[in-house]
Amino acid sequence: MTQHQNLTEDLTSKAKDLRDDAQEAIRTGAEKHTDALRDAALDQATNAASAADAAAAEFGSDSLQARAAHQIADQVERVANRLRASDLSSVTRDVTTFARENPALFIGGAALIGFAATRFLKARSPNDAASDIGQADPWATTTTGGFDVPS
């Protein structure tokens, strides 16, 4: 072998080693980032389930709203448990599939969780909410001559 061939093979080998090291660094960084995202998603799922349960408690125990909120809380808990037990990509795929197969239920559930979270947060600190706004409830109305007008 000539010196030129040895140098070429040596450079090729070093380039492959650098490529392998870079791929490993990227893979490790992506796994850490994915773990952080999964932990954040678990926290959000737990909060959403708590908010749905809190909303259910606001309704009568036999009401349709309470049963729906409990079912949504159960589903969110199942998603959180699957997220704990599996990787993020499979859970994302499952949630996407559910959303595509049941769009109305998915959107309705998301809206109900949003309303529940709002109600839960409002119930936690009613005085702070009014002081933040600095005015009375904008949704309160007074009936005047058959028309509802803001009070």
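The values are calculated or read from the model by the stated rules, or taken from the named source; none is laboratory data. Everything numeric here is computed off the predicted structure, so don't read it as measured data. Note: ideal-geometry Cβ built from the backbone for every residue, glycine included; neighbour counts use all protein chains shown.
For segment 70-91, enumerate the residues that are at pLDDT 75 or above and either β-branched (Val, Ile, Thr) or out of contact with any helix residue (DSSP H, G or I) (no Cβ under 6 Å at 6 or more places or on another chain) (or both).
Result: Gln71, Ile72, Asp74, Gln75, Val76, Arg78, Val79, Asn81, Arg84, Ala85, Ser90.
Tell me the residue from Ala116, Ala99, Ala111 that is farther than 14 Å from Ala48 by Cβ and among the aliphatic types (A, V, I, L, M), please.
Ala99
Every residue in segment 96-119 that is β-branched (Val, Ile, Thr) and modelled with pLDDT of 80 or more, please.
Correct list: Thr96, Thr97, Ile107.
Here is a yes/no grid of residues against (1) free of Cβ contacts under 8 Å to residues at least 40 places away in the same chain; (2) within 22 Å of the chain's Cα centre (by Cα); (3) exposed (fewer than 14 other Cβ atoms within 10 Å of the Cβ):
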{"site": "Gln5", "(1), (2), (3)": "yes, no, yes"}
{"site": "Thr34", "(1), (2), (3)": "no, yes, yes"}
{"site": "Asp39", "(1), (2), (3)": "yes, yes, yes"}
{"site": "Ala52", "(1), (2), (3)": "no, yes, no"}
{"site": "Asp62", "(1), (2), (3)": "yes, no, yes"}
{"site": "Gln71", "(1), (2), (3)": "yes, yes, no"}
{"site": "Asp74", "(1), (2), (3)": "yes, yes, yes"}
{"site": "Ser89", "(1), (2), (3)": "yes, yes, yes"}
{"site": "Ala111", "(1), (2), (3)": "yes, yes, yes"}
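Test Ser63 against the criterion of being polar (S, T, N, Q), at pLDDT below 80 and out of contact with any strand residue (DSSP E or B) (no Cβ under 9 Å at 6 or more places or on another chain), and give yes or no.
no
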